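Some notes on the structure that comes next.
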Amino acid sequence: MDAETWLWPILTAPFIGSFMGVLIVRLPAGAPVVLARSACPHCGARLTSRDLVPLISFVALRGRCRHCRGSIGLLHPTVELAAVVVAAWAALANHDPLRLWVDCGVGWTLLTLAWIDCTSFLLPDVLTLPLLLAGLPLTFAEQPDALTDHCLAAALGYLSFQGLGFAYQKLRGRDGLGGGDSKLIAAAGAWCGLALLPFVVLGSAIAGLLAALGLALAGRMVTSTMRIPFGPCIALAFWLAWLYGGLLNSVFGGP
């Protein structure tokens, strides 16, 4: 892949990351995303374009508001850097220019969903449903014969997680899997197909166990009632299956 092909997604990534930061903050709060102007959370001063240049403004202002000198916080620059990492990862995994932008779009959406779930225990429909629906037209455009397979994978992923959530609620008397988890696994099925759906489910479970182990090693008391966001686990397994599906199919004997 020539330098110009991968350079544009990486240069675009901080600006996408800036918007992702807005979604991460505003969607859980039910605040408007598009029409509302950005403002300092301390003094309420409206932020101008020179205050909103991804990464550069944060460095130039030394992490403080231009007006009141209050701390801006690390959320936005961290998300912007993470968006760059996603773009670079996609560029390393793919050599097709058009597919690279698709990979970035999937990665950026999954990163946003994972971040929101980590901070708010939410997987907003406004992100999961478009992600689910986008996977099917792309499948039809690339592999028309695989559309039925991907539709079945989406339905199977959704119904299986809904069934698990229902059974857990009946057995334990409380929710174990949220509806957003079911929609995200359905989106994974729509994008990755039936052959890779077991990998996504198993990978999600392993990631969840590793997250619980990490919390325990960090000194947190992990109990049966402790809430651990599962969205990031699904998002990671989904991302790996999407990027390396061909390799996984060859290793595990898929088509």
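The values are calculated or read from the model by the stated rules, or taken from the named source; none is laboratory data. Small disclaimer: the values here were computed from a predicted structure and weren't measured. Backbone-built Cβ (ideal geometry, glycine too); neighbour counts: all protein chains shown. Note: areas computed on protein heavy atoms with side chains; ligands, DNA, RNA excluded. Shrake-Rupley method; radii C 1.70, N 1.55, O 1.52, S 1.80 Å.
Some notes on this structure:
- Put simply, the C-alpha atoms of the stretch 52-128 give a gyration tensor, and the ellipsoid matching it has half-axes of 28, 18, 9 Å, longest first.
- Size descriptor, Kirkwood hydrodynamic radius, that averages inverse alpha-carbon separations across the stretch 102-197, Å: 13.8 Å
- Relative intensity of the stretch 178-255 on a log10 scale, I(q)/I(0) at q = 0.19, 0.24, 0.26 Å⁻¹, equals -0.78, -1.04, -1.15, per a Debye sum over C-alpha point scatterers of equal strength in the absence of solvent.
- Placing one equal scatterer on every Cα of the stretch 35-184 and applying the Debye formula, the log10 ratio I(q)/I(0) at q = 0.13 Å⁻¹ is -0.83.
- Dividing the convex hull volume of the alpha carbon atoms of the stretch 1-121 by its residue count gives 111 Å³ per residue.
- Measure of compaction for the stretch 123-255 (Cα Rg per 2.2 N^0.38 Å): 1.10
- With DNA, RNA and ligands ignored, accessible area of residue 20 (1.4 Å probe; Å², nearest 10): 10 Å²
- Overall, the accessible surface of the chain at a probe of 1.4 angstrom is composed of carbon and sulfur to the extent of 68 percent.
- Accessible surface calculations at 1.4 Å, restricted to protein heavy atoms, place the chain at 54 Å² per residue.
- The alpha carbons of the chain give a radius of gyration and a Dmax of 19.7, 60 Å, in that order.
- Against the chain, whose longest principal axis is taken from its Cα atoms, helix 3-29 shows a tilt of about 90°.
- Residue 183 - accessible surface, heavy atoms, 1.4 Å probe, Å² rounded to 10: 50 Å²
- Between the amide H of residue 39 and those of 47, distances stay under 5 Å, these residues lying 5 or more places away or on another chain, with hydrogens modeled in the peptide plane.
- Normalised contact order of the chain, rounded percent, pairs of Cα under 8 Å and 6 or more residues apart: 18 percent
- The per residue volume of the convex hull around the alpha-carbon atoms of the stretch 18-57 is 79 Å³.
- Two-site label geometry, residue 61 and residue 11: point separation in nm, points 7 Å out along Cα→Cβ: 2.5 nm
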